[in-house]
Amino acid sequence: MKQLFLSILFVGLSLFSASAQKFGYINTQELLVGLTEMKLADNQVQALQTELLSKGEEMVIKFEADYKAYMAEANSGTLSKVQMQQKEEVLVAKQEEIKKYEAEIQQKVGLKREELYKPILDKVKAEIEKLGKENGYTMIFDSSSGMILHATETEDLGPVLKTRLGVK
């Protein structure tokens, strides 16, 4: 009940003070999808991921072959218990190596994505801030995050930013 009261109070105060303020919104996800720089960055991240995954797939294929060979030897009865234990330890070590490599892939791809996206996101943020200052906006909301309760179409800054950033 207290939350409802505070929400109503906040909305009331916002409406009261909104007459002197100017608000705008932008769907940053839609904007970013249209940027050529973002498409190029996505392609570079995808290429790295594909390269790293192919090495991982080779590791898995080799592991599966080694496991099948071990199973064939174990089922034929040609291995002693000590030999079986040694081969199992080798297989477990290879399996751990594959898991470690999977984590390494995620880390490398994440770092590459961050490295490539940061300048693009900084550019977009700077342009939004510039647009807000030039046009006297009190606040500009990101509608892609679901933080908009109401917005009129006349305050959509997407077309202006797309033009400024060269999005077709």
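Scanning the range 65-88 for residues that are surrounded by fewer than 10 Cβ atoms within 10 Å (Cβ to Cβ) and in contact with a Leu (Cβ under 9 Å, 6 or more places away or on another chain) gives no hits. The sole residue among M71, M84, M139, M59 that is over 29 Å from T28 (Cβ atoms) and within 30 Å of the chain's Cα centre (by Cα) is M59.
Looking across the range 44-56, the residues that are surrounded by 11 or more Cβ atoms within 10 Å (Cβ to Cβ), of a type outside the set (A, V, I, L, M, F, W, C) and without any contact (Cβ under 8 Å) to a residue 12 or more places away in the chain come down to Q46, E51. Within the range 89-148, restricting attention to residues that are among the aliphatic types (A, V, I, L, M) and within 17 Å of L48 (Cβ to Cβ), the residue that is surrounded by the fewest Cβ atoms within 10 Å (Cβ to Cβ) is A103. Within the range 101-118, residues that are under 12 Å from G56 (Cα atoms) and assigned to a helix (DSSP H, G or I) reach partners that are of a type in the set (A, V, I, L, M, F, W, C) and at pLDDT 95 or above with beta carbons closer than 6 Å, at six or more positions or on different chains, in the pairs I105/L52.
The values are calculated or read from the model by the stated rules, or taken from the named source; none is laboratory data. What you see is a predicted model; the values in this text were computed from it and never measured. Note that each Cβ is placed from the backbone with ideal geometry, even for glycine, and that neighbours are counted across all protein chains shown.
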